[in-house]
Amino acid sequence: MFFPRLRWRPVCLHVVLMTVNLPRVNVLVICAAVLQPNAAPMSGDLAASSSAANQTAGPDRRRADEGVVRVVLDRLIFPELEKFGTRVPPAMLLVENQTISLDATGRMPSRWQMVLTPNPSNGWPGLIADDVRRQRLIDSFELRNARHHELPQLDRSDLIRVANGRIAEVRDQYRDRPLGIARLSLPGYSPDGYAVIVASFDCGALCGVSWLIVLDNTTGSWRVAKAFTLGVS
């Protein structure tokens, strides 16, 4: 199974820019994140305290989580499932109900932080150029993903949520068709309307991809700003 937990190591590093159409008749299993073209910075209180980056009213945070996860599914996960083409029975996407978490250190891997950070010595622009915003996102991501959580409610008929311990059982039930399995972290947020999330899609022994995704909500709805491929199988 590809990326059974969030302890991936980058295999390749490049920007993924994509536009996609939603599938019509697929079912999904989730775990992951989002992408889109450049996002203009939004003026905001970047000097807010670290606790402000990590503390948000419960209902507001849940709604934000649902919005981010939906965008990641629509923009990244479902397009991978569509690559199976039109089949009978149709391909299904299973979403792991438990979020992926960081390792015992509770820290975002240094390689991921390098992807987020500009590097003038080699011309790497970084996913997030603003130092304060980037640190707010990292702090929030680490706080929220120190342990596993239940995925936010999605109320979608085109996916199947599966408990972590039942993935193999459910795969066996649908062995007559192609299957994809999605796994996602919880998003980390900055006070000025940005989010970062990690997601993966597993479709077999040598079939899978994982992303580090930056989203923004500066126009009133979440969209993928940038998505970087962390690993490909």
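The values are calculated or read from the model by the stated rules, or taken from the named source; none is laboratory data. What you are looking at is a predicted structure, and each value in this text was computed from that prediction instead of being measured. A quick note on method: Cβ atoms are made from the backbone with ideal geometry, for glycine too, and the neighbour counts reach across all protein chains shown.
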### Query
Among the residues of the stretch 136-160, which ones are touching a Gly at 6+ places or on another chain (Cβ under 8 Å), of a type in the set (A, V, I, L, M) and outside any loop (DSSP other than H, G, I, E, B)?
L137, I138, L143
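Test D103 against the criterion of being acidic (D, E) and in a loop (DSSP other than H, G, I, E, B), and give yes or no. Walk me through how you get there before you give the answer.
On the way: acidic (D, E): yes; in a loop (DSSP other than H, G, I, E, B): yes.
Yes.
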### Task
Considering each of A129, A227 in turn, give the residue that is out of contact with any His (no Cβ under 7 Å at 6 or more places or on another chain) and free of Cβ contacts under 8 Å to residues at least 24 places away in the same chain.
A129
### Task
Would you check if there is a residue in the stretch 196-206 being touching a His at 6+ places or on another chain (Cβ under 7 Å), buried (at least 24 other Cβ atoms within 10 Å of the Cβ), in contact (Cβ under 8 Å) with a residue 60 or more places away in the chain and aliphatic (A, V, I, L, M)?
no
### Message
Given the condition among the hydrophobic types (A, V, I, L, M, F, W, C) and in a loop (DSSP other than H, G, I, E, B), answer yes or no: does some residue in the stretch 222-229 qualify?
### Response
yes
### Task
Go through the stretch 75-131 and give me each residue that's basic (K, R) and under 24 Å from Y194 (Cα atoms).
R75, R107, R111
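For L154, are the conditions met, namely being surrounded by 22 or more Cβ atoms within 10 Å (Cβ to Cβ) and either in contact with a helix residue (DSSP H, G or I) (Cβ under 9 Å, 6 or more places away or on another chain) or touching a residue at least 40 places away in the same chain (Cβ under 8 Å) (or both)?
Numbers: surrounded by 22 or more Cβ atoms within 10 Å (Cβ to Cβ): no; either in contact with a helix residue (DSSP H, G or I) (Cβ under 9 Å, 6 or more places away or on another chain) or touching a residue at least 40 places away in the same chain (Cβ under 8 Å) (or both): yes.
It is false that L154 is surrounded by 22 or more Cβ atoms within 10 Å (Cβ to Cβ) and either in contact with a helix residue (DSSP H, G or I) (Cβ under 9 Å, 6 or more places away or on another chain) or touching a residue at least 40 places away in the same chain (Cβ under 8 Å) (or both).
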### Message
Under 6 Å between Cβ atoms, which residue pairs at least 6 apart in sequence (or on different chains) link something in the stretch 132-150 that is closer than 17 Å to Y194 by Cα with a partner that is assigned to a helix (DSSP H, G or I)?
### Response
R134/L116; R136/A53; D139/S50; D139/A53; S140/A53; S140/N54; L143/N54
### Query
Looking only at the stretch 79-99, which residues are surrounded by fewer than 17 Cβ atoms within 10 Å (Cβ to Cβ) and aliphatic (A, V, I, L, M)?
V88
#### Entry: Search result, residues across the stretch 151-169 that are under 15 Å from the mean Cα position of the chain (by Cα) and either among the aromatic types (F, W, Y) or more than 23 Å from R107 (Cβ to Cβ) (or both)
P152, L154
### Query
Going by the structure shown, is E82 of a type in the set (D, E) and touching a residue at least 12 places away in the same chain (Cβ under 8 Å)?
yes
### Residue in the stretch 112-135 that is surrounded by fewer than 18 Cβ atoms within 10 Å (Cβ to Cβ), hydrophobic (A, V, I, L, M, F, W, C), part of a helix (DSSP H, G or I) and modelled with pLDDT of 95 or more present
yes
### Task
Quick one: A195 ticks every box in (1) touching a Pro at 6+ places or on another chain (Cβ under 6 Å); (2) assigned to a strand (DSSP E or B); (3) closer than 30 Å to G85 by Cβ except a single one, so which number is it?
(3)
### Query
Can you find a residue in the stretch 161-181 that is crowded, with 22+ Cβ neighbours inside 10 Å, not basic (K, R) and not in a strand (DSSP E or B)?
no
